[in-house]
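Take a look at the structure set out below.
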Amino acid sequence: MIGKSTASIMLASKLLYPCISTDDIGNILQTVSDISPMKGQNYLDYYAYSEKQQLIDDIIEYHRQHIPAIYSLIDIHSTWSTPLVMEGWALYPEQMAKIRNDNVFSVWLIADDGLLKKRLNMNKEFYQNAKEPEKVIENYLYRSEWHNQNLVEQCKARNYNHIIVKEETTTEQVVDTIWGMLNRAP
């Protein structure tokens, strides 16, 4: 809920590159294997009634199952004459560190806690039909905040590019910042 997709589409448009989401990769993987941590459960019940540690374990496993497809897609596109913008929350610095390709440039967008809470509260459709909306919000924020802290730690450990997106940060500012990083890249 921080604008990864919107920023990626804007950046890809500015660069005249195609844009692919890891969400799309996950949807394709779902056609051949049930990798969803929800296992057919309503997402509202999943967030309301899952233990917090289970939410974290599930997302680690779900993202782990994306990795072979992500690596394959990066390998394929790194040999093409047209680069690619790939976005999604299934991309982790520790995974990207294993890619030995000078044509890969990575930036992580990380929402500060205030932005996550604001966007979730604004997106009432996400939880409006929940039996326990407060529990859905609490657990979703817990998992999201854990995920963001994990990204920050991994980025700092590897000195990787990352942008902390705050409530007042616009998508245009994010794209401009990434554009500047790209232009300074070796």
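Structure data summary
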{"item": "Subset of the stretch 99-146 [buried (at least 19 other Cβ atoms within 10 Å of the Cβ), more than 16 Å from the chain's Cα centre (by Cα) and under 17 Å from Lys4 (Cβ atoms)]", "result": "Phe126"}
{"item": "Criterion: among the small types (Gly, Ala, Ser), within 25 Å of Asn121 (Cα to Cα) and over 18 Å from the mean Cα position of the chain (by Cα) - qualifying residue of Ser50, Ser78", "result": "Ser50"}
{"item": "From Glu87, Glu61, residue being closer than 16 Å to Ile2 by Cβ and at pLDDT 90 or above", "result": "Glu87"}
{"item": "Of the criteria (1) touching a residue at least 60 places away in the same chain (Cβ under 8 Å); (2) on the phi > 0 side of the Ramachandran plot, which one Leu15 fails", "result": "(2)"}
{"item": "Lys39 exposed (fewer than 15 other Cβ atoms within 10 Å of the Cβ), basic (Lys, Arg) and either under 23 Å from Arg184 (Cα atoms) or in contact (Cβ under 8 Å) with a residue 60 or more places away in the chain (or both)", "result": "no"}
{"item": "Tally of residues being in contact (Cβ under 8 Å) with a residue 40 or more places away in the chain and either crowded, with 16+ Cβ neighbours inside 10 Å or in contact with a strand residue (DSSP E or B) (Cβ under 9 Å, 6 or more places away or on another chain) (or both) across the stretch 147-166", "result": "13"}
{"item": "Selection count where residues are closer than 11 Å to Ser50 by Cβ and in contact with a Lys or Arg (Cβ under 8 Å, 6 or more places away or on another chain), scope the stretch 121-147", "result": "3"}
{"item": "Positions within the stretch 148-186 being in contact with a Pro (Cβ under 8 Å, 6 or more places away or on another chain) and within 30 Å of Ala48 (Cβ to Cβ), in sequence order", "result": "Leu151, Gln154"}
{"item": "Selected residue (only one of Ile178, Ile99 is of a type in the set (A, V, I, L, M) and either part of a helix (DSSP H, G or I) or modelled with pLDDT of 95 or more (or both))", "result": "Ile178"}
{"item": "Residues within the stretch 94-128 that are farther than 24 Å from Ala12 by Cα and polar (S, T, N, Q), tallied", "result": "3"}
{"item": "Residue selected from the stretch 16-65 under the condition in a helix (DSSP H, G or I) and among the aromatic types (Phe, Trp, Tyr), by the criterion nearest to Asn129 (Cα to Cα)", "result": "Tyr43"}
{"item": "Enumeration of residues in the stretch 81-110 that are on the phi < 0 side of the Ramachandran plot and in contact with a Gly (Cβ under 9 Å, 6 or more places away or on another chain)", "result": "Ala90, Leu109"}
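The values are calculated or read from the model by the stated rules, or taken from the named source; none is laboratory data. For clarity, every value in this text was computed on a predicted model and none was experimentally measured. Quick reminder, even Gly has a Cβ in these numbers, built from the backbone with ideal geometry, and neighbours come from all protein chains shown.
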